[in-house]
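*Asks:* Can you read through this structure? Questions will come right after.
The values are calculated or read from the model by the stated rules, or taken from the named source; none is laboratory data. Predicted, not measured: the structure shown is a model, and the values here were computed from it. Backbone-built Cβ (ideal geometry, glycine too); neighbour counts: all protein chains shown.
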Amino acid sequence: MALPLTACSSTSVLSPAGPVADANRSILLNALTIMLAIVVPTIVATLAFAWWFRASNPRAQYRPDFVYSGRIEMIVWSIPILVILFLSGVIWVGSHQLDPARPIKSAAPQLEVQVVALDWKWLFIYPQQGVASVNRLVVPTGTPVHFSITSSGVMNAFFVPRLGSMIYAMNGMQTDLNLRADRNGSFYGRSAQFSGDGFSDMNFRYEAVSPAAFGAWVASARGAGRQLDGQSYEALARQSQKVAPYTYAKVAPGLYEAVVQHRLKPGPGPEAGRGGPQVSPGTPN
């Protein structure tokens, strides 16, 4: 049964490619170790008791009037209490160290990326570079990335398993997330919140490349000749499935803020229709 799971390493939270995901894995393994400290002895004790108090063992004492033992009560209660204390300590420390809004310390300057969850695709805006992309996120390796995340309509969840924490994307609100990829690679990203008919195909590629390759990609995007403004955003926000990645050469200033503040109309959401395949507002680039 374990053999088919070997293919899951490319999307597994146990195969980290950045500091946040590595810390998440440590918390999972620490919690597992702490819980096994009570699970394994309990299983062993159950088997030992069943073997010792078998009907054929004449040395086992038969005590039908036994009611209470202070030593047994101490053991029964102290072990779970210790487990809870250790787990709460791990959770307390981890929740502060891995606060999604906490910047990642790095000598490299931080990259800003604005994320909009659409039906059923992802829009990534690079305000410092003035470009945008759909269903493809390209970042330089070793650079901390600050994500500002919102939704055009229904709630979604932004998640790149090999890079770190999942966080929700909500209409009219902004959530913050900081991640960093420490190795080159193409990592699977997805929505982890069911959002209607096109949910199964609402995924993207998180591509960590060298700084030179990132600069070349930005230059290529700027030459695409397509502009993202209010009108083109409304076309993009229409429900569509299996949208191939493409880029925008220019982004109207303040467009992300207009989405968050509802100066641009929110998306219709899955209740507006069946959400079948529609023509993409752009062509693959």
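*Asks:* Within the set of pairs 6 or more residues apart or between chains, which connect a residue that is not assigned by TED's automatic domain parsing to the domain that holds Arg222 inside region 236-256 to a residue that is part of a strand (DSSP E or B) with Cβ atoms less than 8 Å apart?
*Replies:* none
*Asks:* While we're on this one: Only one of these is part of a loop (DSSP other than H, G, I, E, B) and within 27 Å of Gln174 (Cβ to Cβ): Arg102, Arg63. Name it.
*Replies:* Exactly one of Arg102, Arg63 is part of a loop (DSSP other than H, G, I, E, B) and within 27 Å of Gln174 (Cβ to Cβ), namely Arg102.
*Asks:* Within region 85-104, track down each residue that is without any contact (Cβ under 8 Å) to a residue 12 or more places away in the chain and not β-branched (Val, Ile, Thr).
*Replies:* Those that are without any contact (Cβ under 8 Å) to a residue 12 or more places away in the chain and not β-branched (Val, Ile, Thr): Leu85, Ser88, Gly89, Trp92, Ser95, His96, Asp99.
*Asks:* Right, here's the next one. Check Ile125, Ile91, Ile34 and return the single one that is closer than 30 Å to Phe187 by Cβ, assigned by TED's automatic domain parsing to the domain that holds Gly254 and among the aliphatic types (A, V, I, L, M).
*Replies:* That would be Ile125, the only listed residue that is closer than 30 Å to Phe187 by Cβ, assigned by TED's automatic domain parsing to the domain that holds Gly254 and among the aliphatic types (A, V, I, L, M).
*Asks:* Within region 143-159, how many residues are out of contact with any helix residue (DSSP H, G or I) (no Cβ under 8 Å at 6 or more places or on another chain) and not in a strand (DSSP E or B)?
*Replies:* Number satisfying all stated conditions: 3.
*Asks:* Restricting to region 177-200, give me the number of residues that are more than 15 Å from Lys121 (Cβ to Cβ), out of contact with any strand residue (DSSP E or B) (no Cβ under 6 Å at 6 or more places or on another chain) and in contact (Cβ under 8 Å) with a residue 60 or more places away in the chain.
*Replies:* Residues of region 177-200 more than 15 Å from Lys121 (Cβ to Cβ): 177-188, 192, 194.
Remaining after also requiring out of contact with any strand residue (DSSP E or B) (no Cβ under 6 Å at 6 or more places or on another chain): 180, 182-183, 188, 194.
Checking the rest, the ones that are also in contact (Cβ under 8 Å) with a residue 60 or more places away in the chain come to 180, 182-183, 188.
Qualifying residue count for the region: 4.
To keep it simple, each residue is scored yes or no on (1) closer than 19 Å to Glu207 by Cβ; (2) in a helix (DSSP H, G or I); (3) of a type in the set (D, E, K, R); (4) modelled with pLDDT of 85 or more.
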| site | (1), (2), (3), (4) |
| --- | --- |
| Val76 | no, yes, no, no |
| Ile79 | no, yes, no, no |
| His96 | no, yes, no, no |
| Glu112 | yes, no, yes, yes |
| Trp122 | yes, no, no, yes |
| Gln129 | yes, no, no, yes |
| Ser133 | yes, no, no, yes |
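*Asks:* Residues of region 56-107 being among the charged types (D, E, K, R) and over 30 Å from Leu177 (Cβ atoms), which ones?
*Replies:* Across region 56-107, the qualifying residues are Arg59, Arg63, Asp65, Arg71, Glu73.
*Asks:* Please list, ordered by first then second residue, the pairs with beta carbon atoms under 7 Å, 6 or more apart or interchain, first in region 142-162 and in contact (Cβ under 8 Å) with a residue 60 or more places away in the chain, second among the acidic types (Asp, Glu) and in a strand (DSSP E or B).
*Replies:* Listed by first residue and then by second, the contacts come to Ser148/Asp176.
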